[in-house]
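Novice: Starting off with a structure, shown below.
The values are calculated or read from the model by the stated rules, or taken from the named source; none is laboratory data. Everything quoted here is computed from the prediction, not taken from an experiment. Every residue, glycine among them, receives a Cβ derived from its backbone with ideal geometry; neighbour counts consider all protein chains shown. Accessible surface areas use protein heavy atoms only, side chains included; no ligands, DNA or RNA. Shrake-Rupley method; radii C 1.70, N 1.55, O 1.52, S 1.80 Å.
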Amino acid sequence: MAVRETQVAIVGAGAAGLYTALSAAREGARVTLVSATPLAGSSSYWAQGGLAAAVSDDDSPERHLGDTIAAGRGAVRESAARVLCEEAPQAVEDLQRLGVRFDADRRGRLALGLEGGHSRRRIVHAGGAATGRRLIRQLSALVAEDERIEVLEGRRVIGMVSAEGRCHGLHLDDGEVLASCAVVLATGGAAALWARTTNPAGAVGGGLLLAHHAGATLADLELVQFHPTAVVAPNGPDGFLVTEAVRGEGARLLDAAGERFVDELAPRDEVARAVQRQMALTGARAVHLDMRDVDPALFPNVVSALRQAGIDPERELVPIAPAAHYVMGGIATDAHGRASLAGLYAVGECSCTGLHGANRLASNSLTECFVFGARAARSAASEAGPDAATASGANRAIEPPPTLTEESRAALWSDAGLERDGAGLRALSGDPHPLVRLIAHSALARTESRGAHQRRDFPELDHALDGMHLAVRGANDQSPEAMLQKWV
Ligand SMILES: Cc1cc2nc3c(=O)[nH]c(=O)nc-3n(C[C@H](O)[C@H](O)[C@H](O)COP(=O)(O)OP(=O)(O)OC[C@H]3O[C@@H](n4cnc5c(N)ncnc54)[C@H](O)[C@@H]3O)c2cc1C
């Protein structure tokens, strides 16, 4: 078996993986970055609105924290959210030092967008709504130039190397072992498991299963955010996201009679449910987003994508409906990205620090990639690891990647969508796909309605569950069903 050695192995080349790689290299570590897909295969590349940071004179990290806690519906792990809000401004400064050019106003100050649930303008963006593309291009160019970072492109991680309760490296799909002192999973989210999604096809939670099979704890898998404004175009770009920032600039949501039916800038769970209710009332497949009064120059890529789909947003209403967008749950970590298995870290959307609670505040996820990426890099770069011989002799936690069928995706959409109930979730818990089963177990165990998790059979929020997170132990633990835990 061929064994390659590195100090910090990072899986994933989205915002979290690229920034963690650069940060670990700046700590002096030798880094190997493995990425299965080209740039446009990551969710980060498609991010539109931007990243949240309290950088204006009338804002503060404390205010950002208050908004994050309010959006998270009593389930936010405050210690993690505080880290995010306090360190977000530094992350923006660091990205600027790295050459990312954010949009500025006429006086050269950062131009800040407004999104749902934010009480101040605090969304830092680039190229209008091309923030993800600009970030990923710049960060990947820096990674490619950095001599301390080796990049393995087009290679997929298929298993973790672990022994004596510690992670020692990775198995690659060409049979090679990558032995490392620390492994950082930055493999992105899982919202493409649902039939209707805003995510690229690869976002199916592969990293969560890798961690689970290696014995790490997952958490909050029942908490998935549905974005209210994904385009309905069955023969075109169905699920294409229209950023919430257009509502921050005045776009309105209209029912079939052309009337507003919701506060467009309420937190996402509220807006998505209001859209769903309207559709149920009328039997329509969509409601309308009216962008006719929004300056198209602010969102050039959104306007051009809609035009390509045959919709002129300057003159016509845009048909939209909710779609699965962001998984709040993931690999459970502390505030330094450390998972429950020693030597294993998780950052970005595949991680779960608990900071988003039951409903992520818009644009906190890119910020999370940078704030926790820097922290995980510092900690991972300080780990001492095994030699190559230990790694090649260690356990092979390889499970063949499960096949995801359209039936499973449709079942998730109907039984674990914006509204769920016990009967549907019990049926889903027998699905052939292992992650779908874990999601169903978690959703069954949360016997209440909170944020993005709405149970028809438990319609009320249960205050006894405030601050509680649902942990799913590693596959070797014999207790795969979700357990409630209080996180501090
Ligand atoms: C359309 C859209 C718009 C969004 N807009 C915003 C926004 O404006 N603001 C915001 O904060 N958030 C936004 N989000 C959410 C945000 O983009 C994501 O949460 C964030 O980018 C996730 O970054 P990541 O680095 O964790 O994962 P990703 O960017 O998804 O990257 C995952 C990487 O892991 C790799 N990978 C996965 N499995 C393996 C494997 N087994 N082996 C090797 N490589 C692997 C993939 O190839 C990919 O490179 C948006 C999401 C979407 C889909």
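Novice: Using only Cα atoms, tell me the angle between helix 15-26 and the longest principal axis of the chain; keep it within 0 to 90° and round to the nearest 10.
Specialist: 40 degrees
Novice: When all protein chains stay in place, what accessible area (Å², nearest 10, 1.4 Å probe) is found for Leu114?
Specialist: It works out to around 40 Å².
Novice: Take the Cα atoms of the stretch 261-374, find their three principal axes, and give me the spread along each one in whole Å, biggest first.
Specialist: Dimensions of the stretch 261-374 along the principal axes of its Cα atoms: 55, 34, 22 Å.
Novice: Let me check I have the definition right: for the chain, take the eigenvalues of the Cα gyration tensor, multiply each by 5, take square roots. What are those semi-axes in whole Å, largest first?
Specialist: Listed largest to smallest, the semi-axes of the chain are 34, 27, 20 Å.
Novice: Tell me, what is the 1.4 Å probe accessible area of His213, in Å² to the nearest 10?
Specialist: Counting only protein heavy atoms, the figure is 50 Å².
Novice: Through the Karplus equation 6.51 cos²θ - 1.76 cosθ + 1.60, θ set to phi - 60°, convert the phi angles of the stretch 299-304 into ³J(HN,Hα) values in whole Hz; use x for Gly and Pro.
Specialist: Couplings: 9, x, 6, 5, 4, 5 Hz.
Novice: Residues of the stretch 178-208 with the amide nitrogen closer than 19 Å to a label point 7 Å from the Cα of Glu406, along Cα-to-Cβ, please.
Specialist: Zone members listed by number: 192-204.
Novice: Let me ask something additional. For the pair Asp462 and Thr282, how long in nm is the line joining their label points, each one 7 Å along Cα→Cβ?
Specialist: 3.7 nm
Novice: So what J values fall out for the stretch 317-333 if you push phi through Karplus, 6.51 cos²θ - 1.76 cosθ + 1.60 with θ = phi - 60°, rounded to Hz, Gly and Pro as x?
Specialist: So the J values, rounded to whole Hz, are 7, 9, x, 9, 7, x, 8, 5, 10, 8, 9, 5, x, x, 7, 5, 9.
Novice: In nm, to one decimal, how far is the Ala201 label point from the Ala427 one, both placed 7 Å along Cα→Cβ?
Specialist: With each label placed 7 Å out from Cα toward Cβ, I get 2.7 nm.
Novice: Let me ask something else about it. In whole Hz and in residue order, list the ³J(HN,Hα) couplings for the stretch 64-75 that follow from phi through the Karplus curve 6.51 cos²θ - 1.76 cosθ + 1.60, θ = phi - 60°; x for Gly and Pro.
Specialist: Per residue, the Karplus-derived 3J(HN,Hα) values read 4, 4, x, 5, 5, 5, 5, 5, x, 6, x, 10 Hz.
Novice: Please report the Cα spread of the stretch 173-313 along all three principal axes, rounded to whole Å, starting with the longest.
Specialist: Dimensions of the stretch 173-313 along the principal axes of its Cα atoms: 59, 31, 28 Å.
Novice: Expressed as an acute angle from 0 to 90° and rounded to the nearest 10, what is the orientation of the C-alpha long axis of helix 434-445 relative to the principal long axis of the chain?
Specialist: Taking Cα atoms only, the helix is inclined about 60 degrees.
Novice: Restricting to DSSP H runs of at least four residues, report the calculated mean residue ellipticity at 222 nm for the chain, -39500 (n - 2.57) per run over all residues, nearest 500 deg cm²/dmol.
Specialist: That calculation yields -9500 deg cm²/dmol at 222 nm.
Novice: Could you work out the percent of alpha carbon pairs in the stretch 408-488 separated by over 18 Å, rounded to a whole number?
Specialist: Of all Cα-Cα distances in the stretch 408-488, 41 percent exceed 18 Å.
Novice: Angle, helix 268-282 long axis vs. longest principal axis of the chain, Cα atoms, 0 to 90°, nearest 10?
Specialist: Approximately 50 degrees, to the nearest 10.
Novice: Run the accessible area of the chain with a 1.4 Å probe and give the carbon-and-sulfur part as a rounded percent.
Specialist: About 48 percent, which is the carbon plus sulfur part of the accessible surface.
Novice: I would also like to ask the following. List the residues whose amide H sits under 5 Å from the amide H of Ala342, counting only those 5 or more places along or on another chain, with H placed 1.01 Å from N in the peptide plane.
Specialist: Residues meeting the amide H criterion: Cys167.
Novice: Return the long-range amide H neighbours of Asp146 (sequence gap of 5 or more, or a different chain), with a cut-off of under 5 Å between placed amide H atoms.
Specialist: Counting only residues 5 or more places away or on other chains, the set is empty.
Novice: Alpha carbon centre of the stretch 415-477 versus the stretch 306-327: separation in Å?
Specialist: 30 Å
Novice: Next question. Could you pull out every residue, at least 5 positions away or on a different chain, whose amide H is within less than 5 Å of the one on Leu355? Hs are placed 1.01 Å off N in the peptide plane, and Pro or chain starts have none.
Specialist: The list, which skips near neighbours in sequence, is Arg77.
Novice: Right, another one. Over the stretch 11-111, what relative contact order in percent results from Cα pairs under 8 Å that are six or more residues apart?
Specialist: Here the relative contact order equals 18 percent.
Novice: How long, wide and thick is the stretch 25-150, going by the Cα atoms along their three principal axes, in whole angstroms, largest first?
Specialist: 41, 38, 27
Novice: What is the distance, in nm, between label points placed 7 Å from the Cα along the Cα-to-Cβ direction at Glu86 and at Met1?
Specialist: Roughly 4.2 nm, to one decimal.
Novice: State the antiparallel share, in %, of DSSP beta bridges confined to the chain, rounding to the nearest 5.
Specialist: Details: 42 of 66 bridges.
Expressed as a percentage, antiparallel bridges in the chain total about 65.
Novice: Still on this structure, I have one more. Can you compute the FRET efficiency between Ala384 and Asp477 using 1/(1 + (r/R0)^6), with r the Cβ-Cβ distance and R0 = 25 Å? Round to the nearest 0.05.
Specialist: Efficiency, rounded to the nearest 0.05: 0.40.
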